[in-house]
Amino acid sequence: MTNDRMKTMGCAVLMMAALGGAGCGEAGDDATGGATEIASVGQATPRPSSVPDDYVVTPQGWRHRSCVIEVAGDETVNAHHLEHADGRRRGFSPCQHLAFDRAGAPLGPPTHDPQVNGWVASVNSTSQGPITSLGADWIVPPTPSSAQNQTLFFFPGVEPAATGDVILQPVLAWNGFGDHAWTIASWACCKDGNVFNSAPVSVAAGHKLTGTLTGARCSGGVCANWTIKTKDVTTAQSTTFAATGDGEQMSWVFGGAMEIYGVDTCTEYPGSTSIGFSNIQVRNTAGSLVLPAWTAWSAASTVSPNCNPQFNSLQVSGPNGTISSWKLTWQFL
């Protein structure tokens, strides 16, 4: 993961004004392109004893604070820098720190098994081949009845099946930014160990969300650019950023996924027993709607507490039966 590969991630998403360490901002970059001083992402989430204090929780595990960066709406993530629409640049370097999974175990090389990153359930497919877009809708669930310091993430997403070294995600989070509230943000992780996210937007229970991942300048199954957009349809607010495609085919599609951190009891799940991902639309490289051969996966038997999270109730509708809906359920055990 070096040379001209898209370093789709890099410095600190809520970083405290000085980045230091892994070093963002190469010589000649925009002098104002440092971190934004805001509350730390996932800062309130209880951390395993093996995870140092300068790590924050993200939708892809515990990451060092210097390896997460917030991307402005007019910036594009390129191989070695972020570029504003007016040409100004912010540089970043590969992450120099280990990453940890939900339990605090070090993460190794990229893997196709999402469980190592704290996922507890997903519905996914590689059957459709490379895609040019993915869209899905879901509703913000009720606040957890036991609203402690847990962090919950819900999202659709895409990855390159050949490497699994990056994922693009429109994400709904509970306490995702150490705020004990529901927020949305767009994320990309984890090439060269770094993580990017757009500015978070506050949302509320009952609001309708839509997440879209849209490729542009696509040829031979590879889209040169991707736009990740997460929108609160109820308020019309959205949060977006763009990234280059790094020459990879995005062919591993997630119609929905759930990832959790710091959950000690099932009452720390949302204050309902389900969340639905609907109107899931996948377009192939020809721009046509396709129906993936979805596979549901759950880590219920390997996580504690086991609240029996699982995807079920597949429904197919739309042109030629190409639009899917999935329902993620759990139990208050």
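Can you tell me which residue within segment 132-153, out of those that are buried (at least 18 other Cβ atoms within 10 Å of the Cβ) and in contact with a helix residue (DSSP H, G or I) (Cβ under 7 Å, 6 or more places away or on another chain), is modelled with the lowest pLDDT? By that ranking, first place goes to GLN150.
Taking segment 303-333 as the range and being within 24 Å of THR267 (Cβ to Cβ), within 22 Å of the chain's Cα centre (by Cα) and among the hydroxyl-bearing types (Ser, Thr, Tyr) as the test, only THR329 passes.
Listed by first and then second residue, the pairs linking a residue in segment 174-197 that is farther than 13 Å from LEU152 by Cα and among the acidic types (Asp, Glu) to a residue that is surrounded by fewer than 24 Cβ atoms within 10 Å (Cβ to Cβ) and modelled with pLDDT under 90, with Cβ atoms under 7 Å apart and 6 or more places separating them unless they lie on different chains, are ASP192/MET1; ASP192/PRO94. Considering only residues in segment 75-85 that are in contact (Cβ under 8 Å) with a residue 12 or more places away in the chain and part of a loop (DSSP other than H, G, I, E, B), the one that is surrounded by the most Cβ atoms within 10 Å (Cβ to Cβ) turns out to be ASN78. Scanning segment 210-242 for residues that are more than 16 Å from the chain's Cα centre (by Cα) and surrounded by fewer than 20 Cβ atoms within 10 Å (Cβ to Cβ) yields a total of 13. Screening GLN281 with (1) under 24 Å from PRO142 (Cβ atoms); (2) crowded, with 16+ Cβ neighbours inside 10 Å gives one miss only, at (1). Once segment 128-143 is narrowed to residues that are out of contact with any Leu (no Cβ under 8 Å at 6 or more places or on another chain) and hydroxyl-bearing (Ser, Thr, Tyr), the residue that is nearest to SER288 (Cα to Cα) is THR132. With respect to being modelled with pLDDT of 95 or more and either surrounded by fewer than 19 Cβ atoms within 10 Å (Cβ to Cβ) or in a strand (DSSP E or B) (or both), GLY129 fits the description. For segment 20-69, the tally of residues that are in a strand (DSSP E or B), at pLDDT 60 or above and not hydroxyl-bearing (Ser, Thr, Tyr) stands at 9.
Whenever a residue of segment 130-152 is within 22 Å of THR285 (Cα to Cα), its partners that are assigned to a loop (DSSP other than H, G, I, E, B) and of a type in the set (A, V, I, L, M, F, W, C), lying with C-beta atoms within less than 7 angstrom and at least six residues away or across chains, give the pairs PRO130/MET250; ILE131/MET250.
The values are calculated or read from the model by the stated rules, or taken from the named source; none is laboratory data. The structure presented is a predicted model; accordingly, all values stated were derived computationally and were not measured. Counting neighbours? That spans all protein chains shown, and the Cβs are built from the backbone with ideal geometry, glycine included.
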